[in-house]
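Here is the structure we will look at, set down as structure tokens.
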Amino acid sequence: MGTEPFVTLRAAQYADDPQRFNHNIVQSNGIRVHYVEEGKGPLVILLHGFPYLWYMWRWQICALAAAGYRVVAPDIRGFGQSDCPSDVQEYEMLQSVGDLVGLMRVLGESEAVVIGHDLGAWVAYAAAQTRPDLFRALVMLNTPVGPREDCKPSDSWEKLHADTGKRLYHQYFQDPEVACELNEDICKSLRSIYYSISGSAGEHERWRLLLADGETLLDTMADPKDLPDWLPREALEYYMNEYSRNGFTGPLNHYRARDRNWKQGSFLSGLKVQQPSMFIGGVADPALQFIMPLYEKLESHLPNLRKKILLDGVGHSAAEEQPERVSALLLEFLATLEGKS
């Protein structure tokens, strides 16, 4: 458990220290789920992306708790201190949604605002889509999730490979050996990923989402000489220590379940998320060229979209790169839900 709860914004100066947060582990949906909790009030659930942890939200946890919200940030199954099942089918999207439903039951809560980044945005979107009775609003960061595709994800990847001679990273992640590549030097892997997908990376250092045949994931990234200011060494060390528990196999299994999710989601075709929603992205996100078509038509499947915004100078980790700006946007959105603005 943390030494004391955050109750004021002044406490945010301690956010880089993970031990100052309140940590808990509970049984949910048949697995152990680790989460951090701060504050009292309406429930807000923060879901991290790949390759992150609850810790990516450390600044937002402080800000939202101080503003009068009960903030819960779990490690998604396969990550950090949550259980890491060995079977790929355990990483189907409905399992991750079930983890949230079970967690809310343990917390004694009947509704929540769900906020997700990257992989967490996929889980948040699925939760809002399938359980609108529980999840009253949706926010996605950096990854705008769209309607169910017309064909299997793997078929789309194969077509892209045939057309360009290169593989999208999602296709590359289907190989179980990718985890071995990243596990070889976990610190270097995380350091390279965090830097290369951020707005701090130079033009020729930015991550390339398409891999030529024979390239590895790390070949598409730069290993920085110095860490950017928004990623202090103690933060990188916490990420590294947590990923040293189970490595990258569990996190990558979420990507290896993509086709399974598509097949199971046929009943969701055409179903729009009616709850209030918001999207926050970054102008310097290396994935921007791929996500812009979805960004431009978010209103088509999010009819109650309150705001969508791309932040200048921000890459694929908005919550860490510009924490104050992201926290302010989240608080502004939450205030509209409570009728405060």
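The values are calculated or read from the model by the stated rules, or taken from the named source; none is laboratory data. Because the structure is a prediction, the values reported are computed rather than measured. Reconstructed Cβ throughout: ideal geometry from the backbone, glycine too, with neighbour counts over all protein chains shown.
Here Ala63 fits the description: at negative phi and in contact (Cβ under 8 Å) with a residue 60 or more places away in the chain. Can you find a residue in region 161-175 that is assigned to a loop (DSSP other than H, G, I, E, B), closer than 20 Å to Val283 by Cβ, under 19 Å from the mean Cα position of the chain (by Cα) and modelled with pLDDT of 95 or more? Within region 161-175, not a single residue is assigned to a loop (DSSP other than H, G, I, E, B), closer than 20 Å to Val283 by Cβ, under 19 Å from the mean Cα position of the chain (by Cα) and modelled with pLDDT of 95 or more.
Consider Ser110 carefully, then state whether it is touching a His at 6+ places or on another chain (Cβ under 9 Å), of a type in the set (S, T, N, Q) and at pLDDT 95 or above. For Ser110, the condition - touching a His at 6+ places or on another chain (Cβ under 9 Å), of a type in the set (S, T, N, Q) and at pLDDT 95 or above - is not met.
Residues checked against (1) touching a Leu at 6+ places or on another chain (Cβ under 9 Å); (2) crowded, with 21+ Cβ neighbours inside 10 Å; (3) of a type outside the set (Asp, Glu); (4) not in a helix (DSSP H, G or I):
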site	(1), (2), (3), (4)
Ala235	yes, no, yes, no
Tyr239	yes, yes, yes, no
Asp285	yes, yes, no, yes
Gly313	no, no, yes, yes
Ala328	no, no, yes, no
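Evaluation of Arg131 against the conditions (1) surrounded by fewer than 20 Cβ atoms within 10 Å (Cβ to Cβ); (2) in contact with a strand residue (DSSP E or B) (Cβ under 7 Å, 6 or more places away or on another chain) shows that the sole unmet condition is (2). Any residue that is at pLDDT 95 or above, surrounded by fewer than 23 Cβ atoms within 10 Å (Cβ to Cβ) and aliphatic (A, V, I, L, M) - is there at least one of those in region 49-60? No, region 49-60 has no match at all.
Filtered by the rule that a residue be aliphatic (A, V, I, L, M) and either crowded, with 19+ Cβ neighbours inside 10 Å or not in a helix (DSSP H, G or I) (or both), region 241-283 gives Leu252, Ala257, Leu271, Val273, Met278, Ile280, Val283. Beta carbons closer than 8 Å, at least 6 apart along the sequence or on distinct chains, never pair a first residue in region 155-172 that is surrounded by fewer than 16 Cβ atoms within 10 Å (Cβ to Cβ) with a second that is hydroxyl-bearing (Ser, Thr, Tyr) and modelled with pLDDT under 95.
With respect to being of a type outside the set (S, T, N, Q), in a loop (DSSP other than H, G, I, E, B) and more than 13 Å from the chain's Cα centre (by Cα), Glu158 falls outside the description. Inside region 231-255, residues that are of a type in the set (D, E, K, R) and closer than 16 Å to Ile197 by Cβ make up a count of 0. Annotation note: Cβ proximity below 8 Å between a residue of region 265-292 that is under 18 Å from Gly49 (Cα atoms) and a residue that is acidic (Asp, Glu) and crowded, with 20+ Cβ neighbours inside 10 Å (sequence gap 6+ or interchain) occurs for Gly282/Glu321; Ile291/Asp285.
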